[in-house]
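Below is one structure, written out as structure tokens, with a few remarks after it.
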Amino acid sequence: MFRIPESIAKLGKERIKGFPVEGFVYGEGPQKPELMLIGEAPGEFELVDGIPFIGRAGKELMKSLATIGLTRENVYITSAVRSRPYRWGTKKERDGTTTERKYNRPPTQKEILAHAPVLDYELANLEPRLIVTLGNVGLQRLLGKEAKVTELHGQLLERPIQYLNELEDTTFNWTQETYRIVPTFHPASVFYRPSHRPSLDADWLEIGRILGEMG
Ligand code: URA
């Protein structure tokens, strides 16, 4: 199993202080995984157990992995941000009263920059055969804002990726070496856009085919 050093976790926790986020969920998986999966940020359920992708989206992701003969144990799961971004909202109870509760939300660019050293460390120290980004947040963290999942999903890309420019701290540099990446949709996307289902399933079959071809 691979685990980031405590010094990197501590740095991530310090850099994200002051943002409306909570907790810190470590990435999880072997040092040389079949795939490195990069999502957005943990949600409510991930925080409870400290395990990435165990909520509703996680169940969907495990089904996709199973279609190509993989399980959670074969892959390294991480995300652009390791704390849960939340917003306060009102929830209507059955008796008509309303209560305040936290809802998940996507991470902001500042939060992504705050946790960039954590993902940079994972990218530099893991040896995945292939990286799969789940949704636009993970994809754009690696390939920049121009990259769009709707245009690139299911394609094998061999490109340099972004890492934090530590001097400026608000911009990214490009790596010298190239990485193999296949973008696909976030597993939760099929909940609000069921029409994505056939593309998502086809992307996963393509990821399996690429892994097979890589030997
Ligand atoms: N979405 C993510 O991107 N990561 C999780 O761990 C859960 C949901």
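The values are calculated or read from the model by the stated rules, or taken from the named source; none is laboratory data. What you are looking at is a predicted structure, and each value in this text was computed from that prediction instead of being measured. Methodologically, a virtual Cβ is constructed for each residue, glycine included, from the backbone with ideal geometry; neighbour enumeration extends over all protein chains shown. These area figures cover heavy atoms from the full protein model, side chains too; ligands, DNA and RNA do not enter into them. Shrake-Rupley method; radii C 1.70, N 1.55, O 1.52, S 1.80 Å.
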Q) In segment 91-104, is there at least one residue being closer than 16 Å to Gly138 by Cβ, away from the ligand (no atom under 16 Å from the Cβ) and either in contact (Cβ under 8 Å) with a residue 40 or more places away in the chain or touching an Asp or Glu at 6+ places or on another chain (Cβ under 7 Å) (or both)? A) no
Q) In this structure, is Gln176 farther than 22 Å from Leu65 by Cα, open to solvent by 10 Å² or more (accessible area, probe 1.4 Å) and part of a helix (DSSP H, G or I)? A) no
(Q) Here is a list: Ile8, Ile112. Which entry is among the β-branched types (Val, Ile, Thr), closer than 30 Å to Arg129 by Cβ and within 16 Å of the ligand (Cβ to nearest atom)? (A) Ile112
Q: Name the single residue, out of those in segment 41-51 being touching a strand residue (DSSP E or B) at 6+ places or on another chain (Cβ under 6 Å) and near the ligand (Cβ under 6 Å from one of its atoms), that is most open to solvent (accessible area, probe 1.4 Å).
A: Ala41
Q. How many residues are outside any loop (DSSP other than H, G, I, E, B) and within 11 Å of the ligand (Cβ to nearest atom) if we restrict to segment 75-84?
A. 4
Q: Would you point out which residue out of Ser195, Ser199 is open to solvent by less than 50 Å² (accessible area, probe 1.4 Å) and outside any strand (DSSP E or B)?
A: Ser199
Q) Arg87 fails exactly one of the following numbered conditions: (1) assigned to a helix (DSSP H, G or I); (2) within 16 Å of the ligand (Cβ to nearest atom); (3) open to solvent by 80 Å² or more (accessible area, probe 1.4 Å). What is the number of that condition? A) (1)
Q. Can you pull out the residues in segment 169-215 that are modelled with pLDDT of 95 or more and aliphatic (A, V, I, L, M)?
A. Ile181, Val182, Ala188, Val190, Leu200, Ala202, Leu205, Ile207, Ile210, Leu211
Q.
Is it the case, given these coordinates, that Ile38 is in contact with a strand residue (DSSP E or B) (Cβ under 7 Å, 6 or more places away or on another chain), part of a loop (DSSP other than H, G, I, E, B) and among the aliphatic types (A, V, I, L, M)?
A. no
Q. With Lys13, Lys59, Lys63 as the choices, which residue is within 11 Å of the ligand (Cβ to nearest atom), among the charged types (D, E, K, R), surrounded by fewer than 19 Cβ atoms within 10 Å (Cβ to Cβ) and assigned to a helix (DSSP H, G or I)?
A. Lys59
Q: Say whether the condition of being over 19 Å from Val25 (Cα atoms) and either assigned to a strand (DSSP E or B) or touching a residue at least 60 places away in the same chain (Cβ under 8 Å) (or both) is met by at least one residue in segment 140-155.
A: yes
Q: Determine the pairs where a residue that is polar (S, T, N, Q), located within segment 13-32, has a partner that is open to solvent by less than 50 Å² (accessible area, probe 1.4 Å) with Cβ atoms under 7 Å apart, the partner being 6 or more residues away or on another chain.
A: Gln31/Phe2; Gln31/Leu126
